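> Mind looking over this structure? Questions follow.
The values are calculated or read from the model by the stated rules, or taken from the named source; none is laboratory data. Everything numeric in this text was worked out from a predicted model, so none of it was measured. Accessible surface is based on the protein model in full, side chains and every heavy atom, while ligands, DNA and RNA are left aside. Shrake-Rupley method; radii C 1.70, N 1.55, O 1.52, S 1.80 Å.
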Amino acid sequence: IIALYSCEAEYIALAEAAKHGMWFKQLREEVFKEEGKLVVLEDNQGTINLSSDVIVNERSKHIDIRYHFIRDQVNKGVLSIEYCPTTEMIADVMTKPLAGQAFTKLVNLLGLDYSH
């Protein structure tokens, strides 16, 4: 998939992550009989706004309709998108090159002991 700007790329990734998260939520409910709302963390404010905004604008009108699935789920209350500052985004330790201090912080947030 080719995204024309970073917010679109994050929006597409958010929709894919939400689909997988919803599957895991359903599995957890079936196996453990636990219910709860799915919360997806996102560090891009534009993407968060796009996921809850039903207004089509110049930057979003070309996005494939299948990715707007995320808007529908947010509006139905099936899941919520919450802001997580980039400095706290634990997944970044697996997806980005990080300086020593940032790397150590995120590894520790994962619950791993890292000392170098």
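> Per residue, how much space in cubic angstrom lies within the convex hull of the C-alpha atoms of the chain?
Normalising the Cα hull of the chain by residue number yields 126 Å³.
> Which pairs break 26 Å Cα to Cα here: 37/96; 37/105; 25/105; 25/76?
37/96; 37/105; 25/105
> Considering Cα pairs under 8 angstrom that are at least six residues apart, work out the relative contact order of the chain and quote it in whole percent.
Relative contact order, the chain: 26 percent.
> Give me the number: length gained by fully extending residue 62 to residue 16, i.e. 0.36 nm times residue separation minus the C-alpha to C-alpha distance, one decimal in nm.
Once the chain is fully extended between residue 62 and residue 16, it gains 14.8 nm.
> By how many nm would the segment from residue 24 to residue 88 grow when fully extended, if each residue of separation counts as 0.36 nm and the alpha-carbon distance is taken off?
That pair, residue 24 and residue 88, stretches by 20.8 nm at full extension.
> List the equivalent ellipsoid semi-axes of the range 1-65 in whole Å, largest first, each obtained as the square root of 5λ for an eigenvalue λ of the Cα gyration tensor.
Value: 28, 12, 10 Å, ordered largest first.
> Let me ask another. So what's the gap between the Cα centers of the range 71-99 and the range 1-45, to the nearest angstrom?
Computed from Cα coordinates, the inter-centre distance equals 9 Å.
> Before I look further, what does the range 1-72 give for accessible area per residue, probe 1.4 Å, in whole square angstrom?
Here the per-residue accessible area is 66 Å².
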